[in-house]
Amino acid sequence: MKIAIIGGGLAGLTAAAYLSDSPDTEGTVFERSPQLGGRAFTYEKSGFTLNYGAHAVYGIDRHTLQHMEEELELKFQSKQVDKRKVVYAKHGNLTPAPLDFVNIMKTDVLTTMEKVRFVAEIAAVIGNIHQLKHYRTLGEYLDKSNASSDVKELWEHLVSSNFFITPDDARKVSGEVIADYYHNLFLSSKPVNYILGSWATITEQLVQKINDNEKWDIAVKEPVESIVMENGKFILKTKTREALEYDQVIFAMPVQQVYKLLESSPWAGALEPFKDNSCTEVLVYDVGFSKVVARPFHYISDMDNKVFISDVSATDYTVVPVGGQLLQGIAYLNDDFQDEDQKKEYLESKTQQMEALFDTYYPDWREHTAVKRVSKKAMVSSVKNIHTNKLLPSKLPGVPFLFCGDGCEGKGELAERAFSSGRAAAQMMLSDKVKTKALTH
C-alpha cells in the first residue's frame, strides 16, 4: 500500500511513524515549509531553544504520548511544573492558583464558602457526574448556575488558560468538551509537564522512525497542488513533480487548507461545513536573558489583562545557555475587529500589557535581554474548539481520504489532539488494510 501524507506537523509525522512501522507500506510525507514539526517547530538562537508556542503537556500520565512512547519506542523525559510556584494576579494581588486541594485552601481568589463549592464541583467532574456536561456551552451552564461571580470567573479563567482563548470564547466551549477535559486533567497526577528539550525531542524521533524505513521518504518545501482520482488511484501534483500515484491519502493539515485544495473536486461538498472554522490565535512574546533576572514564580496568570508568563527555563533547564533564563508570555486575543487599524491598536495594547508585567516582576529585564521574539498572531490551534466550530472526523462519508490534526476529532486539546488523531488515522488505515487482505484471500 502506497500512502501520501500531506502535512509534516505533529499529526502527519505521528501517522507516518505508525504506518512506516508496518513492513508492507510505502509512502511520502509532503510538507510545504522548509522544516518539519508544523507549529511545534523548534529552533535555536544564541543558545536559547525557542518553540512557536508552549510545549507544555497536560496530564502526561493520561496522555496519548504515553501510548506513543510504548508503541513507537520513543525516549523522552519530562518535568512537572511546580504547582506551588504557579500564581494568579488579580487587582494587583498575587495568590496561589487553585490547581489542587492545597492551593485551593491557600488562594485568595475565592472565599471559604466558594472554596467548598469549588471543591465540590471538582469532585463532581472527577466522578463524571457534573451537570456541566449536559449544557451546550459553559456560558449556558454559568448563566443557570447560582454560583458566585468569583467562581464563575474562575471557570472562565481555567478554560481560557487550557484552551488558549479569551473568557468570552471560553463561554462558547461545549459543556461536554470541558467536562471530559477536566475529568481527565483532575485525575492526572502530573497536570502540567514540559518535555525536556522541547517538541524537537519528539519530532526528531518520529522523523528518524520514518527514515528507518527505506520505502518511505519526506519531501519538504513541496506543497501538494492538486489531487485527482483515476482507476482507484490518487494522482498527486506537487510544486516540483507531476503524476505521483498513491493508493491512500491522509490529510494532516488545517481543514481550511484542505478545503482550498479540494474546492473544485467532487469531495468539496462534504468539507463545506468545516471551511469557515475559525482558528485560535495568540500573541507570543519570547524573551531570553543572559542571567536569571528574577524568579518569583514559575508561572503567573494576570486575570485582569488576560495574559500569562511562563518561566520555561525554571522547569526545562535544557532550553537556555548556562545561567540564562527564558520567559514566554502569551496573550489571549479577541478576533472581532471592524478594521485593520483597530486590530493593530489592540495588538499593540496587548504587547504593552505584557511588557508591563515583565517590568513589575522582572525589573531590569531589558538590560539583560539576549534574545527577543514577538509573534503577534501565532496560531495555537487550527480550529478553535467552540460550539460554533465543527471538528473534522478522521473519516467523512463518501470521501476516500483520512484526516488528522489539531482541528480533527480526537483526545484532549492542542498537541494531544494532533497526536491522538494522527495515531487513530494510521490505525484505521492499517486495520482497513488487514480487512482488505482477509477479503482478497
Next on the checklist: Students often get this wrong, so try it: which of (i) 1.56; (ii) 1.09; (iii) 0.98 is Rg/Rh (Cα atoms, Kirkwood Rh) as calculated from the structure shown?
Outcome noted: (iii)
Item to check | Karplus (6.51, -1.76, 1.60) ³J(HN,Hα), θ = phi - 60°, over the range 158-164, in Hz, Gly and Pro reported as x | outcome: 4, 5, 3, 6, 8, 9, 6
Checklist entry - Each residue of the range 68-84 in turn: what ³J(HN,Hα) in whole Hz from Karplus with 6.51, -1.76, 1.60 and θ = phi - 60°, glycine and Pro shown as x? => result 5, 4, 6, 6, 9, 6, 7, 10, 7, 10, 9, 10, 7, 5, 5, 4, 6
Next on the checklist: Amide H of Trp216 versus every other amide H placed in the peptide plane: which residues, excluding those fewer than 5 positions away on the same chain, fall under 5 Å?
Outcome noted: Gly27
Checklist entry - Which whole-Hz couplings ³J(HN,Hα) result when phi for each residue of the range 213-225 is put into the Karplus expression 6.51 cos²θ - 1.76 cosθ + 1.60, θ = phi - 60°, listed in order with x for Gly and Pro? => result 9, 5, 8, 10, 9, 10, 10, 8, 6, 9, x, 7, 9
Next on the checklist: Given axes a ≥ b ≥ c from the Cα gyration tensor, I'd like to know whether the range 207-295 is rounded (a/c under 1.5), prolate (a/b larger than b/c) or oblate.
Outcome noted: oblate
Item to check | Over the chain, relative contact order from alpha-carbon pairs under 8 Å, at least 6 apart, % | outcome: 24 percent
Checklist entry - Which residue, Val293, Val282, Val57, has the most motion in a Gaussian network model of the chain that connects Cα atoms within less than 10 Å? => result Val293
Checklist entry - In degrees between 0 and 90, to the nearest 10, how far off the longest principal axis of the chain does helix 340-361 point, with axes built from Cα atoms? => result 50 degrees
Checklist entry - So who's got an amide H within less than 5 Å of the one on Cys279, skipping anything under 5 residues away but keeping other chains? H placed 1.01 Å off N, in plane. => result Lys384
Next on the checklist: With just the Cα atoms defining each centre, how far is the range 273-311 from the range 192-206? Give it in Å.
Outcome noted: 19 Å
Checklist entry - What angle do you read, to the nearest 10 degrees and between 0 and 90, between the alpha-carbon axis of helix 112-126 and the longest principal axis of the chain? => result 20 degrees
Checklist entry - Once every DSSP H run of n ≥ 4 in the chain is given -39500 (n - 2.57) and the sum is divided by its residues, what mean residue ellipticity at 222 nm do you get, rounded to the nearest 500 deg cm²/dmol? => result -10500 deg cm²/dmol
Next on the checklist: Suppose we keep just the DSSP beta bridges with both residues in the chain; what percent of those would be antiparallel, to 5?
Outcome noted: 70 percent
Checklist entry - How far, in degrees from 0 to 90, does helix 10-20 lean away from the longest principal axis of the Cα atoms of the chain, to the nearest 10? => result 40 degrees
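Read-outs throughout are calculated quantities, based only on the coordinates presented, and are distinct from any laboratory measurement. Model, not experiment: these values are computed from the prediction.
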